[in-house]
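For reference, the structure is listed below as structure tokens.
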Amino acid sequence: MSAETKLTVAGALAAVLSIPCVAAAQINTLVPSVTLDFRYDSNARFTNDKTASDNGDFIASASPSFEFTRHGRQHDVSAFYSLTADHHTSNTELNNISHSAGLDLSADLTGRWRFGLGDRANYTEDSLRGVGFGEGVLVTRTDMLTNTAYVSLGRAASRNTDVTLTLKDYVQKFDDPALVDSRTDSAGLTGRYIYTRTGTALLSYAYTNFRFDTNGQTDIDTHGVSVGVEEAVGRSVKVNLGGGVEYADGLNGDGDLFYTANAGIEKTFRDSVMNLSFERDISTPTGLADEISIKDVVTFIWDFNVKRNVFASFYAGIAKHKTEPEGRVDINSYIAEVSGNWQPYRWLLLGAGASHYQQWPEDDFGVGLTRNKIFVNMTLIGPEWRF
């Protein structure tokens, strides 16, 4: 584990322990667990379809973890830590270890004011597993460290209106010198107005600074405004719709306008929930270039109860990542996954599933690939310790 990750974990534990105790006012719980996962990966080396030979491999993983929660009269705290170790049967040089830790704190300062802070740190020796679908794209395996820290302050202006100020810092570092490290700092102000019992209107402004660690350090500033609505249509349907514009300064000395958008619909049935969503946003291209990335992501999720203690899920998504202003990165991808879980006992969760991932480029990186996975896993859940 890197020094930065150790400091983050130590800081999280120190923050939890420093919260003042009020007799009989808080409940602390700690739940340990361990997950054993066995999977077949058809493209363990994540190589180009044009040059790939037989890259399939069987991989075994062990992931111990714990979750901590604390509920007080005027504050809530949650923290977690997990370690994952991967062992490859054939490609043993790809064996790796990853760490993940997080902390969230929320507190009621007064009847109207609320404070929050949090941190997420992830260190992995396999960056290909560290970036989730829709978050970004990668073309090589390397060590990766990411850290997200935030602090927020909210005020209830009235019974139906509240305003929240959020400051956030996101750091992304790679061991491979060919990849570009980055830091993203943002400040956002969001207002929420509940106009009916089923409807909410949102208005926000955000300033973001993208800083890329290149020979001639690149800084890009963006200013964005957006509006949106969330509405419950009847008892079983929820919809949301929003849009906005972002002005980016620092693109080769020029400024440019980009639009952002989000839309979604959720339908609840007797034994299942379907969710279809779209998001267009600005982010970093996960180390591939010192440009901002415009991402368009469409996802479909169907979760349903087969019967008591048996659950199944279908997930599908398609994404496009293109950087501006020069478009050095332009990669499309899609994923489809089906999985199921059975929990015969409180302490045992069994799972299985399969996924298909494909990526095709429209840029000079030329990394088009296909990856199929079949997996089974078992999670042993420890007793809930209260103190």
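Table for the structure above
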quantity: Qualifying positions in the stretch 265-320 - among the aliphatic types (A, V, I, L, M), touching a Leu at 6+ places or on another chain (Cβ under 9 Å) and over 30 Å from residue 212 (Cα atoms); calculated: 265, 301
quantity: Condition check for residue 230: surrounded by fewer than 18 Cβ atoms within 10 Å (Cβ to Cβ), free of Cβ contacts under 8 Å to residues at least 40 places away in the same chain and either basic (Lys, Arg) or within 22 Å of residue 278 (Cβ to Cβ) (or both); calculated: yes
quantity: Residues (surrounded by fewer than 16 Cβ atoms within 10 Å (Cβ to Cβ) and hydrophobic (A, V, I, L, M, F, W, C)) located in the stretch 35-47; calculated: 36, 38
quantity: Near pairs, Cβ below 6 angstrom, 6+ apart or cross-chain, from the stretch 367-387 (touching a residue at least 24 places away in the same chain (Cβ under 8 Å)) to any residue that is surrounded by 18 or more Cβ atoms within 10 Å (Cβ to Cβ) and in a loop (DSSP other than H, G, I, E, B); calculated: 367/139; 371/43
quantity: Residue match in the stretch 253-262 (condition: crowded, with 17+ Cβ neighbours inside 10 Å and closer than 20 Å to residue 325 by Cα); calculated: yes
quantity: Any hit, the stretch 190-197, residues being under 21 Å from residue 263 (Cα atoms), touching a residue at least 24 places away in the same chain (Cβ under 8 Å) and surrounded by 17 or more Cβ atoms within 10 Å (Cβ to Cβ); calculated: yes
quantity: Residue count, the stretch 261-313 (criterion: of a type in the set (Asp, Glu) and within 24 Å of residue 352 (Cα to Cα)); calculated: 2
quantity: Hits in the stretch 94-110 (condition: among the hydrophobic types (A, V, I, L, M, F, W, C) and closer than 23 Å to residue 41 by Cα); calculated: 94, 97
quantity: Residue list for the stretch 196-241, filter: part of a loop (DSSP other than H, G, I, E, B) and of a type in the set (Val, Ile, Thr); calculated: 196, 198, 214
quantity: Which listed residue is among the small types (Gly, Ala, Ser), in contact (Cβ under 8 Å) with a residue 12 or more places away in the chain and crowded, with 18+ Cβ neighbours inside 10 Å, from 352, 312, 319; calculated: 319
quantity: Subset of the stretch 136-172 [free of Cβ contacts under 8 Å to residues at least 40 places away in the same chain, among the small types (Gly, Ala, Ser) and either crowded, with 17+ Cβ neighbours inside 10 Å or under 26 Å from residue 334 (Cα atoms) (or both)]; calculated: 149, 152
quantity: Top-ranked residue in the stretch 61-73 [being touching a Leu at 6+ places or on another chain (Cβ under 8 Å) and not hydroxyl-bearing (Ser, Thr, Tyr); ranked as surrounded by the fewest Cβ atoms within 10 Å (Cβ to Cβ)]; calculated: 62
quantity: Among (1) in a strand (DSSP E or B); (2) at pLDDT below 90, the one test that residue 365 misses; calculated: (1)
quantity: Pair list, Cβ < 7 Å and 6+ apart or interchain, from the stretch 279-292 residues that are touching a residue at least 40 places away in the same chain (Cβ under 8 Å) and within 30 Å of residue 240 (Cβ to Cβ) to residues that are among the aliphatic types (A, V, I, L, M) and part of a loop (DSSP other than H, G, I, E, B); calculated: 285/329; 286/131; 286/137; 286/138
quantity: Residue among 182, 186 that alone is within 23 Å of the chain's Cα centre (by Cα) and at pLDDT below 95; calculated: 182
quantity: All positions within the stretch 255-297 that are under 21 Å from the mean Cα position of the chain (by Cα), in a loop (DSSP other than H, G, I, E, B) and of a type in the set (A, V, I, L, M, F, W, C); calculated: 288, 289
quantity: Enumeration of residues in the stretch 80-126 that are exposed (fewer than 14 other Cβ atoms within 10 Å of the Cβ), in contact with a Gly (Cβ under 9 Å, 6 or more places away or on another chain) and within 27 Å of residue 143 (Cβ to Cβ); calculated: 90
quantity: Count - residues of the stretch 177-187 that are free of Cβ contacts under 8 Å to residues at least 40 places away in the same chain and either of a type outside the set (Ser, Thr, Tyr) or farther than 23 Å from residue 214 by Cβ (or both); calculated: 5
quantity: Residues located in the stretch 203-234, provided they are closer than 11 Å to residue 292 by Cβ and of a type in the set (Phe, Trp, Tyr); calculated: 210, 212
quantity: Any hit, the stretch 108-117, residues being part of a strand (DSSP E or B) and polar (S, T, N, Q); calculated: no
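The values are calculated or read from the model by the stated rules, or taken from the named source; none is laboratory data. Everything numeric in this text was worked out from a predicted model, so none of it was measured. Every residue, glycine as well, gets a Cβ built from its backbone with ideal geometry; the counts of neighbours run over all protein chains shown.
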